[in-house]
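Structure below; questions to follow.
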Ligand code: UTP
């Protein structure tokens, strides 16, 4: 792309200021900026207009979860099915490690955070240890696909290599990189990170499968005979990954996707709730959950919307293929965006200063025909690290690990 083409693309998007330092750049910087402009999809900024209209939902009705007593009853059968699928190489795990972890506030990717107290225990290490439990039980390696972003790729790959993948077989570890989206101020003006670089942020965890496909990793997985992908967040240090019982339950119920869920601790807890929307599986974010839905009861008199998702899903790849090209909704998220100020200084804000644009994995659920919500015990499987202190923090996760006999 040449200067004129770049300028007209920016003008159409109302972002001419991106070129304001162009004359002062060296050749390499000019080239780099032109390439970034060429590769940027400015149409995401259009979602700012619908921002306040977002949240219009279809008709919400309950979707019953498979609860712990039902799971216990069939545990042996489910485990057997799950273990067989894992031994046959049909199950892969996808670690979503492309986020910025701004709430935690560490400069490194979140997985590199050390939660140890008496020794080093990194978040990545905890997750790999959990996956290892299943590898030992099944006697088979489980392919681990790791999604990074431009901002976390180098540090993540170097860190895992330096630590010998925490004992995992590196032949079974594959990385792929997600796309980025521009980040802007509250007026919709894209921030600059450098004079030759627009501020960008990872485009959300919803693009994981299309990125996996774009990188040729999904095709390879299919060729290797992988049929199911267990997608999980980097920050829940207690979750079971490629959990044979969960895999068996989803396979036995012939569902396109399974979602691990926990019983909510209060009706207004800030978790996405599993439900049906216009008859299809869906997740209602906590801010869309009306008082009426919070108080609704199911036919047994229990709260009808009582199970929250924990970002641990098992997807059937053939179903993912059907929805790969579908556009998911774009969420406009208020976040802290590092930027370059008028004087050319790099600033790291300590409170949100603008918008990022994200697609979310939870919106994929609504595209699929069937979903099995599968209850897990929250004290055993839900220790997310979002913040440094307080709720869902390093502190709370440490306490839960200790309660579960994990030495830190
Ligand atoms: P979060 O919603 O907690 O976002 O991600 P985050 O960016 O990590 O953290 P904050 O909000 O800035 O504090 C949930 C999961 O989705 C992954 C994260 O790495 C985490 O595993 N994720 C999020 C991506 O892989 N890519 C993204 O673009 C966003």
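The values are calculated or read from the model by the stated rules, or taken from the named source; none is laboratory data. Note that the structure is predicted; figures quoted are calculated from it, not measured. All Cβ positions, even for glycine, are placed from backbone atoms using ideal geometry, and neighbour counts span all protein chains on display.
Somewhere in the stretch 284-300, is a residue within 16 Å of the ligand (Cβ to nearest atom) and touching a strand residue (DSSP E or B) at 6+ places or on another chain (Cβ under 9 Å)?
yes
Which condition number does residue 242 fail, the rest of (1) buried (at least 23 other Cβ atoms within 10 Å of the Cβ); (2) part of a loop (DSSP other than H, G, I, E, B); (3) within 16 Å of the ligand (Cβ to nearest atom) being met?
Only one criterion in (1) buried (at least 23 other Cβ atoms within 10 Å of the Cβ); (2) part of a loop (DSSP other than H, G, I, E, B); (3) within 16 Å of the ligand (Cβ to nearest atom) is unmet by residue 242, namely (3).
From the list 20, 5, exactly one residue is surrounded by fewer than 13 Cβ atoms within 10 Å (Cβ to Cβ), in contact with a strand residue (DSSP E or B) (Cβ under 9 Å, 6 or more places away or on another chain) and farther than 30 Å from residue 317 by Cβ. Which is it?
20
Here's something else I'd like to know. If you scan the stretch 108-142, which residues turn out to be in a helix (DSSP H, G or I) and more than 16 Å from the ligand (Cβ to nearest atom)?
Listed by number, the residues that qualify are 129, 132, 133, 134, 135, 136, 137, 138.
Of the numbered conditions (1) more than 16 Å from the ligand (Cβ to nearest atom); (2) at positive phi, residue 226 satisfies every one except a single condition; which is it?
(2)
With the requirement that a residue be over 23 Å from residue 157 (Cβ atoms) and within 16 Å of the ligand (Cβ to nearest atom), what does the stretch 61-107 give you?
103
If you don't mind, another one. Six or more apart or on different chains, Cβ atoms under 7 Å: show the pairs whose first residue is in the stretch 319-347 and within 22 Å of residue 357 (Cα to Cα) and whose second is surrounded by fewer than 10 Cβ atoms within 10 Å (Cβ to Cβ).
Taking only residues 6 or more apart or on different chains, the pairs are 336/351.
Go through (1) touching a strand residue (DSSP E or B) at 6+ places or on another chain (Cβ under 7 Å); (2) surrounded by fewer than 24 Cβ atoms within 10 Å (Cβ to Cβ); (3) under 21 Å from residue 56 (Cβ atoms) for residue 278 and report which single condition fails.
Condition (1) is where residue 278 drops out.
What number of residues within the stretch 8-21 are farther than 15 Å from residue 195 by Cα and either part of a helix (DSSP H, G or I) or in contact (Cβ under 8 Å) with a residue 60 or more places away in the chain (or both)?
Within the stretch 8-21, residues that are farther than 15 Å from residue 195 by Cα and either part of a helix (DSSP H, G or I) or in contact (Cβ under 8 Å) with a residue 60 or more places away in the chain (or both) number 6.
Also: Specify the residue that is farthest from residue 198 (Cα to Cα); the eligible residues are those in the stretch 22-56 that are at pLDDT below 95 and not in a helix (DSSP H, G or I).
Looking at residues that are at pLDDT below 95 and not in a helix (DSSP H, G or I), I get 56.
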